[in-house]
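Values in this text are rule-based calculations from the coordinates and carry no lab data. Keep in mind the model is a prediction, meaning the values are calculated, not measured. Note that each Cβ is placed from the backbone with ideal geometry, even for glycine, and that neighbours are counted across all protein chains shown.
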Amino acid sequence: MKNKTVKALALAMAVATVTMMGSASIYASDDTAETATEETADTEEDADAADTEEDADAADTEEASDDDQAAADEVAALIDKIYVQERNDTTDEDCKAAKEAWDKLTDAQKELVEGEEASPEYFGADTGDASKDDPRNQDEIGENELLVVSFGTSFNDSRAQDIKGIEDKLQEAYPDWSVRRAFTAQIIINHVEARDDEVIDNMDQALDRAVANGVKNLVVQPTHLMHGAEYDEMVEAIDSYKDKFESVAIAEPMLGEVGDDATVINDDKKAVAQAITDEACKIAGYDSMEAAAEDGTAFVFMGHGTSHTANVTYDQMQTQMDDLGFTNAFIGTVEGEPEDTECQAVIAKVKDAGFKKVVLRPLMVVAGDHANNDMAGDDDDSWKSMFEASGEFDSVDCQIEGLGRIEAVEDLYVEHTKAAIDSLGTDAEATTDDADAEATDDTAADDTAETTEEAAE
């Protein structure tokens, strides 16, 4: 009996223990579940908070991006506004506004500038030091003005070396004449004014300045290559002012008269052909065109090209090269007119002639955009890239120099200017003769002094 009671008690205690342990486990499980639920809730709250923060950041980024693009678009619109060929009453203000807006952009915003003509390169490209140039827009001209008219370039180094080089040479040759400048490309004038704060006269401004300064004798020396469209527009502008001066004369462009067909050449074309080949050989390390040819080197001179009837000039220059015996000289045009001077046609000519080395050089007064980009650029459609892509040549090199910095070309302009001055048949001619006589006297004096010094040695 006693044993049965003990066993019953033991069994009851065991059951109780198990029950208590189960209850504890249940309670523990409930606590764990509650804790897990709370932790999950906290995690979800944290995730929601993170998502909210990310969304806010994304919104801020999107807003910032929209603001950046809006600022860039504003500058692009201002650039497109001054990228025009016509000057108006607000041009100066518009140029200033475009530059001020550009300067306010961040570097990242500047990269977003894109318009019909606008790009980051409009203000951002490094083209050299504008301070080395002289716009030659000064008053106090005097009675005799020599107006040098160029298409123009926004490349600062080229403007200073090529255009200013010619102007300086003319001023040195004719010290009694005031040399002034005019560009025919208003787009370029606006670009230089906006970017560099250098103000260059267009044709009307230059002629108005001459009238306002009481100029009596006006000689105009164009730096244009030929009697093309730009030359014709220049002549038209001058014609409307002729009655405001006592005498007006227009000098010949670089290559002189055009002629009727590709066979017509003249002394001007001969002088230029000799000048540019001599310079090209010198830079390439050859004594002559013949020496370059023996080494398998061809020189390709790239002109602009034109739809004007004067496009025959390029074929005439090829005729002139052939006449001089330069079998390794080839004339091309970036615009592809005349047709036989477009790039692929020239590549075929150079290949067929058997030359394996090519030197590209501009047949342009100024080594500007065409020379730097169309000729020597890295894009697939540049002449350098197309010559290389042909796979026909061992090397393709570029000489990025305008004709205006070649002394022999500068001398040619001096001759053309003299002919124009002489044609006036006025006191202006006498002034020039006096200057020439003075220069002759100075030369004679220098020669005498040099001879004396040599005798002393």
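Brief remarks follow.
- Cross-link pairs exceeding 25 Å in C-alpha to C-alpha distance, out of K132/K244; K169/K269; K351/K384; K164/K282; K216/K269, comprise K132/K244; K216/K269.
- D66-T263 pseudo-label distance in nm [points 7 Å out on the Cα-to-Cβ vector]: 7.2 nm
- Here the Kirkwood formula, the inverse mean of 1/r across different C-alpha pairs, assigns segment 267-405 a hydrodynamic radius of 14.7 Å.
- Rounded Å value of the spacing that divides the Cα centres of segment 259-300 and segment 381-400: 19 Å
- E121-Q344 FRET efficiency (beta carbon distance; Förster radius 30 Å; 0.05 resolution): 0.65
- Estimated inter-spin distance, S131 and E233, nm [label 7 Å along Cα→Cβ]: 3.3 nm
- Linear extension gain, E246 paired with D204, 0.36 nm per residue minus alpha-carbon span: 13.3 nm
- Theoretical gain in end-to-end length, T106 to A408 [0.36 nm per residue, Cα-Cα removed]: 104.1 nm
- Global form of segment 171-321, assessed from the alpha-carbon gyration tensor, a/c cut-off 1.5: prolate
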